[in-house]
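Take a look at the structure below.
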Ligand SMILES: C[S@@+](CC[C@H](N)C(=O)[O-])C[C@H]1O[C@@H](n2cnc3c(N)ncnc32)[C@H](O)[C@@H]1O
C-alpha cells in the first residue's frame, strides 16, 4: 500500500465516490475511455498522451502491477489518465450506466480450462456488465494473442447482440493504422506470434430501454 500511496494523484482512492461523476474527477466533459486489465499501463498511458481530448481510466486488479502503471503514467506527465485498483467483476460499483464511451480489453487472461470460462473478461457475465456501462452504439476494442480466447470472444460478443467489425486475424500484417502496443503485445510480436483484434459495437441494453407503456385492454 505504501507504494500506491506515492501515487495518490494517479491511483484513485475510493473510486466508488466518482460513480456517475467521473467528469468531475477530470474537471471536464471529455469522453471517458476505459481499459479493463490494464497491466503495467503502457497502452493506456500512451493513448492518454496521444489523445488529450479523451479521459482514460485503467482498471487493474493487482496492486503491485497497478503501481508499475502509475510509475509509467507519471513519467508521461498526463493529466487525462486515472488508474483504479479494482476487480472488473465488481466494476458496477465504480461506473454509472452509460458512463463509458469506449472499452479496451487487451490481452485478457485466457483461462484456457473450460471450467474457468466464467473468469474470461469476454464471458457473457462480463458482457452484461459492459452493456450497461457503455453508451449504446459505442465499442469494445479487443486484442489477444490467444486464438482460443479470440474464437470464444467472437461467439460471446455475437450471442450477446454486439455487432462485430474490423476483425483481424493478424493485426501486424494488416492495413490497420495507429495501433498502440501493450507490454504483452510487444512480447508476443517479438516471438513472431499473430495478434487477433476486433471491434464490437454495443447494443442497447435494458438499462437504456424506454419503459414500455402498458397497452390498455
Ligand atoms: C495478461 S495481462 C495483460 C496486461 C496488459 N493489458 C497488456 O496487454 O500488457 C492481464 C491483466 O489483467 C488483469 N486482470 C485479470 N483479471 C482482472 C479483473 N477481474 N479485474 C481487473 N484486472 C484483471 C491481470 O491482473 C493482468 O494484469
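Please treat every number below as a calculation from the coordinates, not as lab data. These figures come from a predicted structure and were not determined experimentally. Heads up, the Cβs are rebuilt from the backbone with ideal geometry, glycines too, and the neighbour counts pull from every protein chain shown.
A few points about this structure:
- Burial ranking of peptide ranges 72-78, 20-26, 95-101, 36-42 (average Cβ count within 10 Å, highest at the top): 36-42, 95-101, 72-78, 20-26
- Counting DSSP beta bridges with both ends in the chain, the antiparallel % (nearest 5): 30 percent
- Pairwise centroid distance, computed over Cα atoms, of the stretch 173-198 with the stretch 132-146, Å: 17 Å
- Using the Cβ-Cβ distance between residue 116 and residue 65 with R0 = 22 Å, the FRET efficiency computed as 1/(1 + (r/R0)^6) comes to roughly 0.65.
- Theoretical FRET efficiency, 1/(1+(r/R0)^6), r = Cβ-Cβ of residue 29 and residue 125, R0 30 Å, to 0.05: 0.45
- Least to most buried among 91, 54 (fewest other Cβ within 10 Å first): 54, 91
- Exposure proxy order (Cβ contacts within 10 Å, fewest to most) of 57, 167, 32: 167, 32, 57
- Reported value for the chain: 147 Å³ per residue, from the convex hull of its C-alpha atoms.
- Computed [θ] at 222 nm, helices only, for the chain once each DSSP H run of length n ≥ 4 contributes -39500 (n - 2.57): -8000 deg cm²/dmol
- Approximating the spin labels as points 7 Å out from Cα along Cα→Cβ, the residue 92-to-residue 191 distance works out to 3.6 nm.
- The stretch between residue 13 and residue 158, if pulled fully straight at 0.36 nm per residue, gains 48.6 nm over its current Cα-Cα span.
- Taking label positions 7 Å along the Cα-Cβ direction at both residue 173 and residue 75, the computed distance is 3.2 nm, reported to one decimal.
- Rel. contact order, % - alpha carbon contacts under 8 angstrom, at least six apart, the stretch 55-211: 23 percent
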